[in-house]
Amino acid sequence: MNRNEMLERLTSIDPAGQAPANEPERQYFYIAKLKKHVETVIAELGRKPTCCVTTFGCQMNSRDSEKLAGILELAGYELIEDENADFVIFNTCTVRDNANQRVYGRLGELKGMKKRNPFMKIALCGCMMQEPSVIEKIKKSYGFVDLIFGTHNIYKFAELMVATFEQKGMVIDIWQDTDKIVEDLPVERKYPFKSGINIMFGCNNFCSYCIVPYVRGRERSRNPQDIIKEITDLVAEGVVEIMLLGQNVNSYGKNLKEPMTFARLLQEIEKIEGLKRIRFMTSHPKDLSDELIEVMKNSKKICRHLHLPLQSGSTRILTAMNRRYTKEQYLALAEKIKAAIPDISITTDIIVGFPGETAEDVEETIDVIKKVGYDNAFTFIYSKRTGTPAAAMENQVSEEEVKPLFDKVLKTVQEMARKRVQRFAGQTAEVLVEEVNDHDDSLLTGRMSNNTLVHFPGDASLIGTLQTVKLKECHGFYYMGEIL
Ligand code: 5AD
Ligand code: SF4
């Protein structure tokens, strides 16, 4: 459904009637109802109310935020980037504690704004809200918040927004889990030419440090037909690059009525005419199949990039992390991928300071970094997450012990990536032009198939197109180039 079809759908709804029981019809009913409330606000303010959706965390959250924005836009809000707005929603992350701390800090700043603007409403959603201790803290110390909901009922956003207009006090709706997937709700995309697509929700892996399975629930895959339809519609609207999203895309389809592998799904998506590039995130090394490597190798559209989180290079630590692969198995997998697809870029996530980790374990991680040759790596200091098995382990490592080890890993990652990224210098590459350069508006910024950024002179009219670019100079993690 495009925007006009959605607006038409809204006009056929009587917001004073009964709410339908089925989804997504029920949510369209509530969007129509919300629109009525917004019209009252418009009459009082003499303008459209503004709203700001702020995203913390990963690409899954970014995609969820586009869904929130889609509903707000359809209901009559004006989307802005400034948090000094009539409605602000924080889509939160809780994967590491510093993400939580940032939310509390920003929430404090909103308090003053709300005092000055009697129309202002504030909502919180996302992973952090699935933690009972967080809800307690917000109720106690941030009583000015109007709405809180979690990850499982995000599709109910319109219904909950209506409740903030019709009920007194804080509206709180948190579910423990769900097997429900609601299709066909509105989405307001950030980029016209590229889009994320959820292919699955949740995670069943229970890595011992990770809170995701507790806050995002069990793994559920979307039906392939729904995914294909969504992508086909997006392509018709001008999207040329998609990013398939899931916590562990390699186990896609296992729980479907008619099971299907991720590699098969990719083959189906490849057939969509007009689609130029396919990306995906994240791959768990234990589930990455030979079938997938073969499909990637033979594909014209799947990008030459694989994000393959290592977490640690020490088999002892990997076992304690419940990652279910050894250092040797990971290295063999990386070799196999590089042999099959020589121009691929591999990137990774690394955690330093897991309980019991010693300097020797970290040397094993550094050894893997050197052997694999990552184009980029995200390095994190271990963060203790309440409720995970690792949080209960006795041998937690102190900050002072972790810091020098973390610095050493980061330095190795940067040195290696610098060497690795420059291997394409002097060659030409196909680049998807994404935006005008942040620092110099005579330059454009684009992305190579392997995810490396390239900056080059050009006109903003080229945004969203694929261009052949000469990679003239490598500056660490990116290239300066020239359109041919
Ligand atoms: N502490 C530090 N990093 C973590 N990650 C997940 N949980 C934690 C934690 N408790 C990292 C992992 C994962 C990435 C998304 O976040 O490296 O791959
Ligand atoms: Fe967390 Fe592991 Fe699931 Fe990734 S695979 S979300 S690290 S539990």
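Just rank LEU45, LEU244, fewest to most, by other beta-carbon atoms within 10 angstrom.
Final ranking by Cβ density, sparse to dense: LEU45, LEU244.
Give me the percent relative contact order of the chain, please, defined on Cα pairs under 8 angstrom at least 6 residues apart.
9
To the nearest 20 debye, what charge dipole does the chain have about its Cα centre, counting +1 at the Cβ of each Lys and Arg and -1 at the Cβ of each Asp and Glu?
420
Using the Cα atoms of the chain to build a convex hull, what is its mean projected area in square nanometres?
Average projection, Cα convex hull of the chain: 23.8 nm².
Can you tell me which of 404-410, 344-350 comes out highest on packing, and rank the rest after it, using the mean Cβ neighbours within 10 Å?
Highest to lowest by the protection proxy: 344-350, 404-410.
Please name which of ASN117, ASN98, CYS52 has its Cα lying farthest along the dipole of the chain towards the positive end, using unit charges on Cβ (Lys, Arg +1; Asp, Glu -1) and the Cα centre as origin.
Among ASN117, ASN98, CYS52, the one farthest towards the positive end of the dipole of the chain is ASN98.
Listing HIS305, HIS439, HIS475 from the residue with the fewest other Cβ atoms within 10 Å to the one with the most, what is the order?
Going from sparsest to densest Cβ surroundings: HIS439, HIS475, HIS305.
Can you count the Lys pairs in the range 314-385 whose Cα atoms are under 24 Å apart, with each pair 8 or more apart or on different chains?
9
Within a Cβ distance under 11 Å of VAL95, other residues only, what is the Lys/Arg minus Asp/Glu net charge?
+1
Can you compute the FRET efficiency between THR11 and ARG47 using 1/(1 + (r/R0)^6), with r the Cβ-Cβ distance and R0 = 25 Å? Round to the nearest 0.05.
0.65
Give me the extension gain from ARG218 to SER299: residue separation times 0.36 nm, minus the current Cα-Cα distance, reported in nm with one decimal.
Answer, rounded to one decimal: 26.1 nm.
Compute the relative contact order of the range 390-475 as a whole-number percentage, counting only Cα pairs closer than 8 Å that sit 6 or more residues apart in sequence.
Answer for the range 390-475 is 28 percent.
If R₀ is 25 angstrom, what is the calculated FRET efficiency for the pair ALA392 and LYS140, using the beta carbon separation as r and rounding to 0.05?
Efficiency, rounded to the nearest 0.05: 0.45.
What is the helix-to-structure angle for 399-421, meaning the angle in degrees between its Cα long axis and the longest Cα principal axis of the chain, kept from 0 to 90 and rounded to the nearest 10?
Relative to the chain, helix 399-421 is tipped by roughly 70 degrees.
What ranking do 332-339, 15-22 get when scored by the average of other Cβ atoms within 10 Å per residue, highest first?
332-339, 15-22
In terms of the ratio Rg/(2.2 N^0.38 Å) built on C-alpha atoms, what value belongs to the range 401-483?
1.27
As a test of the formula, what do you get for the chain when each DSSP H run with n ≥ 4 contributes -39,500 (n - 2.57) and the sum is divided by the residue count, at 222 nm and rounded to the nearest 500 deg cm²/dmol?
Result for the chain: -12000 deg cm²/dmol, rounded to the nearest 500.
Report the FRET efficiency, 1/(1 + (r/R0)^6), for GLN167 and LYS229, where r is their Cβ-Cβ distance and R0 is 51 Å, rounded to 0.05.
Here the calculated transfer efficiency is 0.90.
Quick one: which of 82-92, 53-63, 427-437, 102-112 comes out on top by average Cβ neighbours within 10 Å, and what's the full order, highest first?
82-92, 53-63, 427-437, 102-112
Given +1 on the Cβ of Lys and Arg, -1 on the Cβ of Asp and Glu, and no further charges, what dipole in debye does the range 41-199 carry about its Cα centre, rounded to the nearest 20?
520
Please work through the chain and write down the cysteines that have no neighbouring cysteine Cβ at a distance under 4.7 Å.
CYS51, CYS52, CYS58, CYS93, CYS125, CYS127, CYS203, CYS303, CYS474
Could you line up GLU394, GLU473 from fewest to most neighbouring Cβ atoms inside 10 Å?
Listing GLU394, GLU473 from fewest to most nearby Cβ atoms yields GLU394, GLU473.
Any idea what angle helix 25-45 forms with the longest principal axis of the chain, computed on alpha-carbon atoms, 0 to 90 degrees, nearest 10?
Taking the Cα atoms of the chain, the angle to 25-45 is about 70 degrees.
Within the range 98-213, count lysine pairs with alpha carbon atoms under 20 angstrom apart where the residues are 8 or more positions apart or belong to different chains.
22
All of the numbers you see were taken from the coordinates with simple rules; none came from a lab. As the structure is a computational prediction, the values presented were derived from the model and not from experiment. Using ideal geometry, Cβ is built from the backbone for each residue, glycine included, and neighbour counts are taken over all protein chains shown.
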